[in-house]
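This report concerns only the one structure given below.
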Amino acid sequence: MKHFQRSTRCLITAAIALSTPLFAWAQQTEAPVNSTVHELGREDRTITATVVSVDQATRMVTLKGPKGKEVTVQAGPEVQNLDKVQAGDQVTAHYQSAVAVQVMPADSAQAGVDYQAGQATAPKGSEPGMKAGQTVTVTSKLSAVDLKNHTVTLTGPDGKERTIEVKNPERQAQLSKLKVGDMVVATYVEALAVTVTPKAKAK
């Protein structure tokens, strides 16, 4: 995850800091109640900021968000073509994320965490831009089902238990289909594509 976090220090990713907080992997979600895949949440957002100033010597870039808020960040060495970025350029960040869950039979999977990430920057000499993404899959064991209180308890890869209340009436009605020992697979996917449009073209 460190690889992806480094990318958030880039000039272009700073556009996100000018908006409201994004969808967080740590948010609490309800457990699934059948063996099919359920998408629990999705976000699709485009944010545009304007470059106020660029200090090529220090690689410090100041951006102004749609509400007028300014943020100054340092573009790391992974940001190529910084010499092409000028005041007045527009930085557009398109962010997508989704969370899905699936219930699988007991012993069909092992508890654990799988992480995959990738990043690609624009070739040197072209207009600045970046694409980055990550997928996190957490597999836990269903260790208890409380039909009276509409809760399920999951045992994560670290051996710790977490009890979640199922509030959706439709899912509550299907809790009886769950079996202790079932494996619950939660997958979180996010992707970020960023482009920098020169001031002349932005107009």
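When each of Ser176, Ser140 is scored by the number of other beta-carbon atoms lying within 10 Å, the sequence from fewest to most is Ser176, Ser140. For Lys199, the lysines whose Cα comes closer than 20 Å to its Cα, not counting residues fewer than 8 places off in the same chain, are Lys64, Lys67, Lys69, Lys84, Lys124.
In order along the range 151-157, phi translates into HN-Hα couplings of 10, 10, 10, 10, 9, x, x Hz, rounded to whole numbers, per the Karplus curve 6.51 cos²θ - 1.76 cosθ + 1.60 with θ = phi - 60° and x for Gly and Pro. Karplus-based coupling profile of the range 177-191, in residue order and whole Hz: 7, 6, 10, 4, x, 4, 9, 10, 10, 10, 10, 10, 10, 9, 9, with θ = phi - 60° in 6.51 cos²θ - 1.76 cosθ + 1.60 and x standing for Gly or Pro. Along the range 50-66 the Karplus relation, 6.51 cos²θ - 1.76 cosθ + 1.60 evaluated at θ = phi - 60°, assigns HN-Hα couplings of 10, 6, 8, 7, 9, 9, 5, 5, 9, 6, 8, 10, 10, 10, 10, x, x Hz to successive residues, with x for each Gly and Pro.
Taken together, the values in this text are just the output of simple stated rules run on the coordinates, not laboratory data. Fair warning: this is a prediction, and the values are worked out from it, not measured in the lab. Every residue, glycine as well, gets a Cβ built from its backbone with ideal geometry; the counts of neighbours run over all protein chains shown.
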